[in-house]
Every structure is written in C-alpha cells, then in structure tokens.
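Structure first, commentary second.
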Amino acid sequence: MKRIKNLESKPKLGDRFSIGGLIIALGVVYGDIGTSPLYVMKSIVAGNGGMGHISDRFILGAVSLVFWTLFIVTTLKYVLVALRADNNGEGGIFALYTLIRNRGKWLIVPAMIGGAFLLADGMLTPSVTVTTAVEGLKGVPINHQILLSTQSEVILVTILILAFLFFIQRFGTELIGKAFGPIMLLWFTYIGIVGLVGMSKDLSILRALNPYYAIQVLFSADNKVGIFILGSVFLATTGAEALYSDMGHVGRKNIYASWPYVNLCLVLNYFGQAVWIYQHNNNAAFAKISDFNPFFEMLPSKLRIFTIIIATLAAIIASQALISGSYTLVSEGIRLHLLPRLHVIYPTNFRGQLYIPTVNAILCLVCLTIVYTFQTSEHMEAAYGLAITVTMLMTTLLLFEFLRKKHVPTILSLGVLLFFGSVEFIFFISSLVKFAHGGWVTILIGAAILSIMYIWQMGDYYRNNNIYRTEDVSLVAYKNQLSSLSKDDRFPLYTVNLVYMTKVHDERYIKKTILYSILDKRPKRAGVYWFVTVNVTDDPYSAGYTVETFGTDYMINVQLYLGFRVEQKVNVYLRQIINDMIAKGELPAQPQQYTTIPDRDVGDFSFVMLQEELSPETEIKGFQKAIIQARLFLQKITVSPATWFGLEYADVITERIPLILGKIPIVKLKRLKQKPEDFSNTL
C-alpha cells in the first residue's frame, strides 16, 4: 500500500506586502549595496591618481557611470527580471538552478561556478565595509582626544569587531536582526539627506543623468585608466546578487516597494560626494592626502562622530547579511548535492535562521587574514568585485534558460542574454586589473570552493559509472526471507524497528549489500524492517512522505520528501510516521514493557549506516581513482551520516563495506597434484 501525507507545513512568504516587511527588507536585503557609498567614489578618485589628477568632466562622467550601473544591473536585471525567477518565493543562483536543471545537465556548471565565486566575494565584504567605517575615526578628536591615530590601531579595532561578530553567530541573531531594519532606514535616510544637501550646492551635477557623460568618460583623456574605471564603478552594485538571494526572507513585493527609496538615497549621496569633489578639486591640501574619503569629508565636523557610528553599524549589518547569506547558500548547495554535508544548527525558532560552524570558522579566518594582510580599505577595494562579476555572468546565463522555459520569445530571451551579458562581461574585463592587486585572493578562494564542488559531483559520477559487483535487487524477492527471520525465535531480537538509510529505486529496488547486511553478515531479527530514502525537493519548505508496505506489516519503504531548506530530522519524522500508521491500523502497536513514557506504542529503533571504503581490488584510471578517494576523504572529514540525518541521539550502527570499482579479473585457483618444482618456502 502506498500513501502520501505531509509531515508538516510551513507558511510561504510569497508576495506578501507589509510595512513590517518593508522595514525588514531594508535590514536584510540592502546591507551590502547600502554601504557602497563608503568606498565607491573613494576608489574611483584613488584609481585615477587622487584629487590632484582629476577634472570636473571626469567626476561628472564617473558619477554618471555609477548611476547607470545601478539602473542597468540592479534595477533592470535583478529587480525587474531576476526577481520574477523565484522558486516558491526563494531567490538566488541555486534556487534559479533548481527551476531549470531539467533543461540540461550542463546547467550545473554555471550554477557551481556562480555559487562558488559568490561565496568567495562575500568573504571580502565584511573586511572592506568594517575597515572603511572604522577608518573614518582615524585622526578624529573625541572630547579633545584622538582615539585612533594610526592604521595599526584601525586594523586592531576592525579585527575585534569582526571577531565579535563571528563569535555571536552561534547564539543566533534574532534579536539583533529585529533592529537591522530601523537602523538601515535611518542610514539610508541620513545618507540621502546629506547627499541632497551637498548636491544642492551645485545642481549642474544632474547632468550625470544623461548617459552621454558616462560613455564619454570611458574614452576621455581625463580618465587615466580608461575602461578599467569600471572596476571601481562596479563596486556600487556588488550587492545586487545578494538582493536576489535574500528574496525568500522578505518577499518580492517588499523589495519592489523599498528599492526605489534605497536607490534614490544612494544616488543622492553619490551626487553629493561628486559636488564636494567638484568644490575641493583644486584644494592643494587634499592633493597631498592619499587616504581621504569623500563620504566622510563632505560632512560637517559636528556630524562626523554620529556618521561614523551609524556607518559602523551599517557595515556590521552588511557583514551580518553576507555571513547569514553564506550559511543559506552553503545549506542550499548541500541539499542540492553540490557540496559535502556539513553540520547545520538552528539556534533559534526564527524561520530560515541557521548556523554552520565550519562555514563560520572559515569565514572568520579568511576575513581576519584579509584585514591583517591588506591593512587598508584602499588595498581591499583593489581586490573587491572581481569574483562577483563571474557570478553575475553565470546568473545571466541561467536567466536566459529560465526565460526560454517560460516560453518568452527567443528574440527577447536572446536580447536579455546579450545585453546584460555584454555589460557584465565589460565589467569583468575591467575588473581583471584587480587580479594582480589582490583580486587573485577571491579568485583563489572561489577556485578552491569550485574544486570541492567538482570533486563532490564527479566523484559520485565516476563511482556510479565504475561500480562493480554491486547490483540492485527487489525487496519483494526477499519478502518471505524477511518474514521468516522476523518470526525466527532462534535468533535474539536485534531491535523492534531496524532502519536502513538508503535509496530505494522504482519503489522496490535497493542495493544488494543491504540485504547482505540483514541476512548474511549477521542475521538481524527485527519486528519491522524500514528502508528510508530522503529526497530533496525543489520546493524549499516542503515536508511530506510516502509509504509502501508491500502488503505486509514488517517491511516498509518510506520516501521522505524534504525541501532543500528543511532540517532532516529523520528520527523525529519516522516516529511520527509509525504513530500515524498504528493509528490507521496499518501497523500493530509496539508497546514497551519497560519505559518511562506512559502508553508508549512505538518500539525501539536501530539505524544501520553502510560506510563505503575504496577496496584495494579497485582498478580504474588514476585520475578517476584520485577523485573518488578525494570525495571519500571529504565525506569522512565532514559531518557524519548520523548527524546529517538528525540521528545524533539514536542507536546507530556503522558497517564498513568495500567499494570495488572497475572490472576486476577473478583468478580461479586450480588444485595441483604436486608441488611446483620452482616453489620455494617464504615467510
């Protein structure tokens, strides 16, 4: 008998719009892109040689490039196009991949590349934003006393802030998260007002709305770096990919409603900084300063401390958003079998909040190393943004396939691909200059993550294509043997419920090694034999199951269907399923004579895990063997199957089985009548 039932249901955020959702969106979605005014104009000016080497035309063209970059990449591509490609309300490159993966196996390649480099670039964001904010305090007197006078002191404070931020992740950030929205609302409103005041001093800056000036500056003699100026301009939109990834937390309509305000505040601030640079371009004092920041310099001295405080808070929020986003991205990658299993903790009851200790430790180590190595935000900015251009190109490619799936006319789908792909490819080329100045760090990190994905994917592929002497058998064929063993009093009762975590194909076929474990290795007598398969669904929060009893009450195939954001608490779910089946009369009650739980009807459990180890008999190509060994190594050093399936406190037995790959010639022994003449005794 086969039956389908939901284990639990979670409310989907969908497209709900609310004032509260708007506030949350400000705190969750825009942390990265919202702190970009701290360093974009600074990077543009520094990249052109500093205040002594720029002209009014250069600044006009540069701020025009910023405006149109925000419009084309963030507004057009991500807000108006990408947000339509949601997977049950969830966004991001992995969610997009799940929507179209049935259109071709090759689509896993851009998904892996994009995910890897998004993680890599996210490791640099906390370092850049927090360092830039803290640098605003350097040399600023507070109560007639300068707290930070050297860059070494700035680095120390930055490291302490980041270390504390990573430390508190294990406790969950639900309470802190509730404050993110109001703080970011204050931040955007403040930078918008400050920018408006600065812009009002010279409204001719509004000419930057004309794309002519953006194009002109790319070929102007005033522009010392040519097209490579786009490497700095691109920093204004690096948070666009995070905006798409965070859609599931706040809903599409809340992003639609909040983005116009956020965009307006950002543009006003950029224009205000441009006017300040206009007015101080010929100031000899600034021409001699190499580490000044137009964002802080345009402020009245009385507002400097307040600005630094909220800028630091905004930087911390941006960092928190990237850290939380990294957990989510890795978790989705694990569920989609793109990454090895890692221990995932849910520190609070807050929906979607999770903590991955291994990821947290790696992020912390990398961020602190970057801060200590690069020393200044200027050097970090030089490395920032290169990797994310790769992710954006991969997202554009996947969006093209999504549009085709939705039957959008080919000419229009191709136009979207060519337009956004061309723009982002230009940004990628212009950002390549950053490779030698530190961009190699994020590229190296991205390549390392991509290598892990490759090993995990190809190791599984080579294993399945070279497997030898392992065959799938029908459970129905062993129905009578399992029935007899279950009733055979000559064997002691192993457990009431014997559970194998496995893959059951076509509702009845499993690996022969499982039946070997039950019948041959050591006959395991049990009341009920359970064969449980966990299937990860494209719906992020689905939770349901099917059961197939084969007309018995002692042999049951359970198929769990869990969304890629649902915790795999198999022990809890299986007890629920047994209770349901007992209540329906499909299973006899399993009363326990000795128990601390009154009226307990569910018996004890034992879970058997089969652990594969590469056999010395394996004979396959050297490269394939190395990949499989690497995958098995990753499998061993990451989370155990028991922890992954939520069985930490269950009775789990691990049995090692040989993994024999390749076609091994079997040597048949022949009985000899006498000892060979050339035989010699050896020890």
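Simple rule: put +1 on each Lys or Arg Cβ and -1 on each Asp or Glu Cβ in the chain, find the dipole, and look at Thr513, Gln629, Gly122; the Cα lying farthest toward the positive end is Thr513.
The angle between the Cα long axis of helix 174-199 and the main principal axis of the chain comes to about 20°, on a 0 to 90 degree scale.
Which of Ser431, Ile388, Ile93 sits farthest toward the positive end of the charge dipole of the chain, with +1 on the Cβ of Lys and Arg and -1 on the Cβ of Asp and Glu? Towards the positive end, the residue furthest out is Ile93. Accessible surface ranking for Ile309, Ile620, Ile429, Ile578, 1.4 angstrom probe, highest first: Ile309, Ile429, Ile620, Ile578.
Three principal axis extents describe the C-alpha atoms of the chain; from largest down they are 101, 74, 59 Å. Here the range 363-450 is assigned +1 on the Cβ of each Lys and Arg and -1 on the Cβ of each Asp and Glu. Its dipole about the Cα centre then comes out at about 340 debye.
Checking the cross-link pairs Lys77/Lys253; Lys487/Lys524; Lys511/Lys569; Lys479/Lys511; Lys487/Lys512; Lys512/Lys668 against a 20 Å limit on the alpha carbon distance flags Lys511/Lys569; Lys487/Lys512; Lys512/Lys668 as lying beyond it. Ligands, DNA and RNA excluded, the heavy atoms of Phe623 present near 120 Å² of accessible surface to a 1.4 Å solvent probe. The angle between the Cα long axis of helix 570-583 and the main principal axis of the chain comes to about 50°, on a 0 to 90 degree scale. With a cut-off of 15 Å between beta carbons, the residues surrounding Met458 carry a summed charge of +4, where Lys and Arg count +1 and Asp and Glu -1.
Shape of the range 493-619 from its Cα gyration tensor (a ≥ b ≥ c, root eigenvalues): rounded if a/c is under 1.5, otherwise prolate when a/b > b/c, or oblate? It comes out oblate by the Cα gyration axes. In the chain, the longest principal axis of the Cα atoms and the axis of helix 410-431 are about 70 degrees apart. For the chain, the residue among Thr189, Met199, Tyr594 whose Cα projects farthest onto the positive side of the dipole built from Cβ charges is Tyr594.
Dipole magnitude for the chain: computed about the Cα centre from +1 point charges on Lys and Arg Cβ and -1 point charges on Asp and Glu Cβ, it is near 1360 debye.
Could you sort His505, His407, His337 by their accessible area in this structure, using a 1.4 Å probe and putting the largest first?
Greatest to least solvent exposure: His407, His337, His505.
Less than 5 angstrom separates the built amide H of Ile356 from those of Ile345, all sequence-distant by 5 or more or on a different chain.
In the complete set of protein chains, residue-level accessible area for Phe71 is approximately 80 Å², probe 1.4 angstrom.
About the centre of its Cα atoms, the range 186-313 shows a dipole size close to 200 debye [charges on the beta carbon of Lys, Arg (+1) and Asp, Glu (-1) only; nearest 20 debye]. Specify whether the C-alpha gyration tensor of the range 58-126 places it in the rounded, prolate or oblate class, a ≥ b ≥ c being the square roots of the eigenvalues: rounded for a/c under 1.5, otherwise prolate if a/b is larger than b/c and oblate if not. It comes out prolate by the Cα gyration axes.
With the whole protein complex present, Asp489 retains an accessible surface near 120 Å², based on a 1.4 Å probe. Between Leu414 and Glu507, the modelled labels are 4.5 nm apart [label points 7 Å from Cα along Cα→Cβ]. Remark: spin-label model distance Ile72-Ala257 equals 3.2 nm, labels positioned 7 Å along the Cα→Cβ axis. Please work out whether the range 195-247 counts as rounded, prolate or oblate from its C-alpha gyration tensor, where a ≥ b ≥ c are the square roots of the eigenvalues and a/c under 1.5 means rounded, while otherwise a/b larger than b/c means prolate and anything else oblate? Here the range 195-247 falls in the oblate category.
Heavy atoms only, 1.4 Å probe, whole protein assembly: order His343, His280 by accessible area, highest first. Working shown, then result.
Numbers: His343 80, His280 45 Å².
From most exposed to least exposed: His343, His280.
The values are calculated or read from the model by the stated rules, or taken from the named source; none is laboratory data. Every value quoted in this text rests on a predicted model; they were computed, and no experiment measured them. All Cβ positions, even for glycine, are placed from backbone atoms using ideal geometry, and neighbour counts span all protein chains on display. Keep in mind that these areas ignore ligands, DNA and RNA; they rest on the heavy atoms of the full protein, side chains included. Shrake-Rupley method; radii C 1.70, N 1.55, O 1.52, S 1.80 Å.
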